[in-house]
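These notes are about the structure you will find just below.
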Amino acid sequence: MSFINALPGAIAQGMIWGIMAIGVYITYKILDIADLTVDGSIVTGACVAAVMVYNGVNIWVAMLCAFIAGMLAGLLTGLFHTFMGIPAILAGILTQLILWSVNLKILGKPNLGISAREYAVAVTQLYKWRAIIVVGIICVAIIALLYWFFGTELGASLRATGCNLRMSRAQGINTNMCKILGLMLSNGIVALSGAVLMQYQGAADINMGRGAIVIGLAAVIIGEALLGKLSSNFAVRLFSVIVGGVVYYVVYQFVILLGLDTDLLKMLSAIIVAIFLAIPYWRKHFGRKKITAKKAAN
Amino acid sequence: MLKLTNITKIFNASTVNEKVALNNISLTLNDGDFVTVIGGNGAGKSTMLNAVAGVWKPDAGRIVINETDITDMPEYIRAKFLGRVFQDPMMGTAADMQIEENLALAARRGKPRTLRWAISKKERETYREMLAQLDLGLEDRLTTKVGLLSGGQRQAVALLMATMNNPQLLLLDEHTAALDPKTAQKVLEITDKFVLEGHLTTLMVTHNMRDAITHGNRLIMMNAGKIIFDVSGEEKQKLTVETLLEQFSKASGTEFANDRALLG
């Protein structure tokens, strides 16, 4: 019974992390870059939105500003990576560390409560079904906009950059610019999800982004495993990422109710993601052995 | 048309692995020249092509295409002058994208990438006709992902992409080397057709002496970062593999050390 009660909350939270995972999808799947900036930019989004709402700014304006702040974080990682030649993973870690200080300065303290009772927020865990509807609308809007963008000439050149760098340059695509643009778009969306998460939880916290990349990857992987075979349509793929986020949080809620030590949850998430990331590699490795064995038998 | 002046490129300079890949090379291509480039492993053939393509900057010398000095121009900007096909069939196309999407990417080479749709209905019809010319049945598979095609089909699509907006210079870097002989022959036929129809100035690196002799109007042989033999017109038409080998040992003072070139 308590699981059923916890379900709406898990769904709402899963959808919010699904938005974040769409950001991860853009870098990890489309650009083929593992971007660790997100652990910081999700907090930046939360902090920017929290401080603005705290100072009386409209929540939707605050969310837009959170999105822009996230894009700036992505720009920094992009410049580290392209202009300064730093490997993408390290570039992301550097920005993440910079954002730690920046986030503290934005917030002014380690956490800031934004109670739905005092401030006019769009999403709150006090009204879970309303939260699901509002987040659902945001998800649909983001998927529609990304579907359009990646269908344009510019979007196609981003996809080409992630797929084949050498070919892209030979076709006159400014691959560095595409990488920066992709990182900006990704971190903008991640920061937006942070702004929504802040409202839902009723607080911005300097630590709320720890391990965000793992949850994002988990959502991408789960979504692909569940709906990957359904269609190669881009909108369906993005939708599957949201579904992945929801499934992740429903399972998360379930194991908590089973009485699992919550201290272990981050470790378990990471291990599960590691195993899923290993599957394609194992398939290649062991699959090869199988074929040789068969040939030897003949 | 294309003018290389005193191009030098040294890899790993001042280390034990120092290699002079291009040694003060000068070369002028006339408009409409179809030049085949041959030479042993490490002779500098691909290095010369990469210098023109802008993969890196030469240590010395200038590269000029039709009066435009492109020596310091980034690779993606000078791409508007060039059409390129690589040796590896995986390299020339984006595997995760559809055939028509790949062609649309190439059609916008040298043009700004805007927020208009990546591919228009009108283009789709043009692409269908272009693909039909390849005679590989690809005209009915516009939305197939390129990754699902065979090496020969991918190379043919790459060739179409390289030539579709009449580049000022076509660079072919052993583009048939990874294909089986029959497919390689087919891709070479398509190459000849496109180069002739488009009147394209072309540099084609090949490991196959026979192909180097039978294609194009001019042949260049390279060794140790230098051009050691340059023949065109009637004289080229009279070439045989034997005379080429003779020329090679005369010019370089060594035997031609590349089995692929002899067996191919």
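Roughly speaking, what is the stretch gain from A:Tyr127 to A:Ala270, that is 0.36 nm per residue apart minus the C-alpha to C-alpha distance, in nm to one decimal? The partial results should precede the final answer.
Working: separation 143, 0.36 × 143 = 51.48 nm, distance 3.07 nm.
Working it through step by step, the gained length comes to 48.4 nm.
Once you have the Cα-Cα distance between B:Thr8 and B:Ser232, take 0.36 nm times their residue separation minus that, and quote the gain in nm to one decimal.
On the way: separation 224, 0.36 × 224 = 80.64 nm, distance 2.45 nm.
Extra length available between B:Thr8 and B:Ser232 comes to 78.2 nm.
Comparing Cα centroids, the stretch B:92-131 and the stretch B:151-179 end up 16 angstrom apart. Once the C-beta distance of B:Lys19 and A:Trp282 is scaled by a Förster radius of 41 Å, the resulting FRET efficiency is 0.55 to the nearest 0.05.
Note on A:Ala120 and A:Leu79: with the Förster distance fixed at 51 Å, the Cβ-Cβ geometry gives a FRET efficiency of about 0.90. Take each residue of peptide A:147-159, count the partner chain Cβ atoms within 10 Å of its Cβ, and average: the result is 5.
For the stretch A:1-68, rounded, prolate or oblate, judged on the Cα gyration tensor with a ≥ b ≥ c (square roots of eigenvalues), a/c < 1.5 rounded, else prolate if a/b > b/c? Judged from the Cα gyration tensor, the stretch A:1-68 comes out oblate (a/c at least 1.5, b/c at or above a/b).
So what is the relative contact order of the stretch A:14-208, in percent, for Cα pairs below 8 Å that sit 6 or more residues apart? Don't jump to the answer; show the numbers that get you there.
Values: 334 pairs, mean separation 89.0, N = 195.
Taking the mean separation of contacting Cα pairs over the length of the stretch A:14-208, I get 46 percent.
Please compare each pair in B:Lys3/B:Lys226; B:Lys19/B:Lys186; B:Lys45/B:Lys80; B:Lys186/B:Lys236; A:Lys29/A:Lys109; B:Lys45/B:Lys145 to a cut-off of 25 Å on the Cα-Cα distance and tell me which ones are over it. All intermediate terms of the calculation are to be shown ahead of the outcome.
Working: B:Lys3/B:Lys226 16 Å; B:Lys19/B:Lys186 36 Å; B:Lys45/B:Lys80 22 Å; B:Lys186/B:Lys236 23 Å; A:Lys29/A:Lys109 35 Å; B:Lys45/B:Lys145 32 Å.
Violating the 25 Å limit, Cα to Cα: B:Lys19/B:Lys186; A:Lys29/A:Lys109; B:Lys45/B:Lys145.
Span-like helix criteria (full DSSP H runs; alpha carbon extent of at least 15 Å along the helix axis; mean Kyte-Doolittle hydropathy of at least -1.0) are satisfied in chain B by B:151-163, B:181-198, B:241-252.
Distance between the modelled labels on B:Thr243 and A:Leu227, one decimal in nanometres: 6.8 nm (7 Å Cα→Cβ projection). Take the Cα of A:Phe234, step 7 Å toward its Cβ, do the same at B:Asp31, and the gap between the two points is 4.1 nm. Projecting label points 7 angstrom from Cα along Cα→Cβ for A:Ile4 and B:Ile77 puts them 6.7 nm apart.
Given an 8 Å cut-off on Cα distances and at least 6 residues of separation, report the relative contact order of chain B as a percent. Walk me through the intermediate numbers first.
Working: 492 pairs, mean separation 68.6, N = 264.
RCO, chain B: 26 percent.
A dipole drawn for chain A from +1 and -1 charges on Cβ atoms has a positive end, and of A:Ala120, A:Tyr200, A:Ile138 the residue lying farthest that way is A:Ile138.
How many times 2.2 N^0.38 Å is the alpha carbon radius of gyration of the protein assembly as shown? Before the final figure, lay out the partial values.
Numbers: Rg = 28.3 Å, N = 562, 2.2 N^0.38 = 24.4 Å.
Computed over Cα atoms of the protein assembly as shown, the ratio equals 1.16.
As a footprinting exposure proxy, order B:His215, B:His199 by other Cβ within 10 Å, with the fewest listed first. The partial results should precede the final answer.
Values: B:His215 21, B:His199 10.
Starting with the residue having the fewest Cβ neighbours, the order is B:His199, B:His215.
Charged side chains reduced to their Cβ positions (Lys and Arg at +1, Asp and Glu at -1) give the protein assembly as shown a dipole of some 1080 debye around its Cα centre.
Applied to the stretch A:106-118, the Karplus parametrisation 6.51 cos²θ - 1.76 cosθ + 1.60 on θ = phi - 60° returns per-residue 3J(HN,Hα) values of 5, 6, x, 7, x, 8, 9, x, 10, 6, 5, 6, 9 Hz, with x for Gly and Pro. At q = 0.10, 0.14 Å⁻¹ the log10 of I(q)/I(0) for chain B amounts to -0.51, -0.99, computed by Debye summation with a single uniform scatterer per C-alpha, solvent ignored. The spacing between the stretch B:195-237 and the stretch A:89-110, judged by their C-alpha centroids, is 58 Å. Overall, the stretch A:14-208 carries a charge dipole of about 80 debye about its Cα centre when +1 sits on the Cβ of Lys and Arg and -1 on the Cβ of Asp and Glu, all other atoms neutral. When only the Cβ of Lys, Arg, Asp and Glu is charged (+1, +1, -1, -1), the dipole of the stretch A:1-128 relative to its Cα centre reaches about 260 debye.
Please say if the stretch A:64-206 is rounded, prolate or oblate, where rounded means a/c under 1.5 for a ≥ b ≥ c the square roots of the C-alpha gyration tensor eigenvalues, and otherwise the choice is prolate for a/b larger than b/c and oblate otherwise? List each step's numbers first, then the result.
Details: a/c = 3.78, a/b = 1.56, b/c = 2.42.
Note, shape of the stretch A:64-206 comes out oblate.
Rounded, prolate or oblate: pick one for chain A, where a ≥ b ≥ c are the square roots of the eigenvalues of its C-alpha gyration tensor, a/c under 1.5 means rounded, and failing that, prolate if a/b is larger than b/c, else oblate.
Working: a/c = 1.77, a/b = 1.25, b/c = 1.42.
Note, shape of chain A comes out oblate.
Estimated from the Cβ-Cβ distance and a Förster radius of 25 angstrom, the FRET efficiency linking B:Leu115 and B:Thr144 is about 0.45. Note on the protein assembly as shown: dipole from Cβ charges, positive end direction compared against A:Ile222, B:Leu2, A:Asn164; the farthest Cα belongs to A:Ile222.
Distance from the C-alpha centroid of the stretch B:1-56 to that of the stretch A:1-72: 51 Å, rounded to the whole angstrom.
Over chain B, DSSP H runs of length four or greater, each weighted -39,500 (n - 2.57), average out per residue to a 222 nm ellipticity of -10500 deg cm²/dmol.
Each value in this text was obtained by applying a stated rule to the coordinates, not by laboratory testing. Quick caveat: nothing in here was measured; it's all calculated off a predicted structure. Virtual Cβ from ideal backbone geometry, glycine too; neighbours counted across all protein chains shown.
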